[in-house]
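I have placed the structure first, in the form of structure tokens, so that the comments after it can refer back to it.
The values are calculated or read from the model by the stated rules, or taken from the named source; none is laboratory data. Quick caveat: nothing in here was measured; it's all calculated off a predicted structure. Quick reminder, even Gly has a Cβ in these numbers, built from the backbone with ideal geometry, and neighbours come from all protein chains shown.
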Amino acid sequence: MEGWFVTNSMARVAQSESDTNLTGRRAEWQARVLDGKARDILARDERYFLRQSVSTPCLNAIARAEGIWIEDTAGRRYMDFHGNNVHHIGYGHPRLKAAIARQMDELPFAPRRYACDTAARLAEKLAAIAPASLSKLLFTTGGSDANEVAIKVARIATGRFKTLSFWDAFHGAGFGAGALSGEALFRSGPAAPLVAGASHVAPFGCYRCPYGHPVDGAGQPDLARCGLACARMVEYVLEREGDIAALIAEPARAVPFLPPPGYWKAVRDACHRHGTLLIFDEIPTGLGKTGRMFACEHDEVVPDILVMGKALGGGILPIAACITRPELDVAGEWAFGHYTHEKNPVTTRAALTTIEIIEDEGLVENAARVGRAALARLDAMKSRNAAIGDVRGRGLLIGIEMVRDRTSKEPDRDLAEAVMYGALDRGLSFKTTMGNVLTLTPPLTVTEAEMMQALAIIDEAIGEATRRRSA
Ligand SMILES: Cc1ncc(COP(=O)(O)O)c(C=O)c1O
């Protein structure tokens with residue numbers, strides 16, 4: 001029992017993935033805001049769901065989700081700037097709902113041993129939009145599974161079993177994906193013992209460089225001074241271990257942190273030199289979030305394997321995919337991605353239609369355009385607000401760091417949390433990451449006007465929280 005408590009308290013200290021669900025401020029917000037219906041649903045939810053950090057108990061109960069909006073049981077509407085990164089095309093897109101309904105009538109399921117046209121068409125589509133020659137794939141139900149498929153492919157292709165990934169990363173909740181992850185919350189307690197051979201390295205993250213290198217006055221890395229220490233450390237580990245099958249990482253970290261210029265090219269080259277495959281986990285960033293179809297396109301680096309999920313199912317159905325170079329089709333005698341819904345016509349129809357919607361509605365371009373406008377507005381907000389230590393992002397993956405002091409960069413988690421609840425009061429929902437980073441990941445359908453409205457809300461909420469503190 002003692003062990004449980006130790007582990008549990010450790011997980012709380014190491015809290016980094018999201019805002020916490022156990023704070024006094026949350027209790028106060030709920031007491032003030034929730035209606036009877038929401039209280040009833042939350043009570044039943046807590047009665048039956050196993051409690052777990054950052055999930056249950058929940059914040060509120062929702063009754064509707066449409067476009068960029070979620071609506072709670074009291075009819076309060078919130079722009080959803082979190083959405084678990086599943087809602088690229090907005091919730092309940094009419095074209096997607098119609099396509100799913102038609103597919104359920106035509107062919108609701110394909111048992112193993114049978115191919116179906118929809119799954120084949122999705123495969124063709126993904127091969128067409130994926131970078132370079134990536135074209136052999138498997139579908140899974142969730143991203144965690146797809147990452148594990150990627151690792152199995154790498155093991156078989158290289159004859160090695162070790163992996164390298166980033167501290168602080170999240171790659172999923174399975175034992176394999178959990179071992180790749182770099183957060184105590186997902187690695188310790190019930191997740192341990194982990195899969196053997198999973199090494200970690202400190203990631204890039206220039207504003208808070210783990211290697212201690214400062215950024216310049218504009219918040220940019222000083223490459224002449226740091227010499228891309230973060231990339232050199234990857235090579236150092238690859239060389240020391242000598243037999244790492246794969247490096248798996250998010251090309252743009254979800255915190256968010258963006259790679260310094262040249263980082264991925266240097267790491268790509270290091271992987272080549274050491275016979276290590278490069279796997280990009282684009283589960284949250286893929287399909288347009290960063291203003292390019294895949295985040296790695298910004299860095300002009302092609303991985304050996306790319307994993308996508310989340311928004312692939314259009315925010316309605318669960319589906320993920322692992323797509324590889326054709327030369328990695330080397331595991332024909334093994335069954336390593338043998339999932340019940342591997343070729344489900346309905347989930348593959350959802351994915352196919354989602355990609356068609358992203359293309360037909362120009363959503364990748366919209367993400368790039370609205371993201372640029374947002375960063376410009378946030379830079380202006382930063383210039384007149386000392387509590388904002390840094391703003392950064394690409395497309396619609398945006399982070400705002402709340403700090404107590406710009407020089408010490410001490411994270412201001414209390415202020416970030418106050419801002420989050422202040423924004424909820426004004427109709428905007430987002431999550432904080434690492435406690436102090438307001439993380440905005442709206443749907444790709446968001447308009448510039450809606451984005452500006454959301455940023456005005458954040459501006460107001462920061463003003464209010466700062467005034468309250470000094471009062
Ligand atoms: C980067 C990354 N990889 C993997 C996963 C796991 O995906 P899933 O929850 O579908 O298993 C997530 C989910 O948040 C993620 O953000």
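Remarks
- Hey, ASP269 over 22 Å from the mean Cα position of the chain (by Cα), more than 27 Å from ASP379 (Cα to Cα), free of Cβ contacts under 8 Å to residues at least 24 places away in the same chain and not assigned by TED's automatic domain parsing to the domain that holds LEU444 or not: yes
- Count of the range 393-407 residues which are surrounded by 20 or more Cβ atoms within 10 Å (Cβ to Cβ) and out of contact with any Asp or Glu (no Cβ under 7 Å at 6 or more places or on another chain): 8
Residue by residue, here is whether (1) away from the ligand (no atom under 16 Å from the Cβ); (2) within 24 Å of VAL86 (Cβ to Cβ) holds:
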{"site": "THR140", "(1), (2)": "no, yes"}
{"site": "GLU183", "(1), (2)": "no, yes"}
{"site": "PHE186", "(1), (2)": "no, yes"}
{"site": "VAL195", "(1), (2)": "no, no"}
{"site": "SER199", "(1), (2)": "yes, no"}
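- Inter-residue pairs, beta-carbon under 6 Å, first in the same structural domain as ARG413 (by TED's automatic domain parsing) and in the range 368-396, second acidic (Asp, Glu), 6+ apart: VAL370/GLU448; ALA373/GLU448; MET381/ASP459; GLY389/GLU401; ASP390/GLU401
- Restricting the range 301-357 to residues that are of a type in the set (Lys, Arg) and out of contact with any Asp or Glu (no Cβ under 6 Å at 6 or more places or on another chain), the residue that is nearest to the ligand (Cβ to nearest atom) is LYS310.
- Of all residues in the range 265-277 being crowded, with 24+ Cβ neighbours inside 10 Å and aliphatic (A, V, I, L, M), the one that is nearest to PRO131 (Cα to Cα): LEU277
- LEU312 being touching a residue at least 24 places away in the same chain (Cβ under 8 Å), in a helix (DSSP H, G or I) and within 17 Å of GLY142 (Cβ to Cβ): yes
- Cβ-Cβ under 6 Å pairs, at least 6 apart or on other chains, the range 133-147 side closer than 11 Å to GLY337 by Cβ and not assigned by TED's automatic domain parsing to the domain that holds GLU327, far side polar (S, T, N, Q) and near the ligand (Cβ under 8 Å from one of its atoms): none
- Qualifying residue in the range 254-276 (condition: of a type in the set (A, V, I, L, M) and within 13 Å of the ligand (Cβ to nearest atom)): yes
- Qualifying residue in the range 283-303 (condition: surrounded by fewer than 23 Cβ atoms within 10 Å (Cβ to Cβ), assigned by TED's automatic domain parsing to the domain that holds GLU183 and in contact with a Cys (Cβ under 9 Å, 6 or more places away or on another chain)): yes
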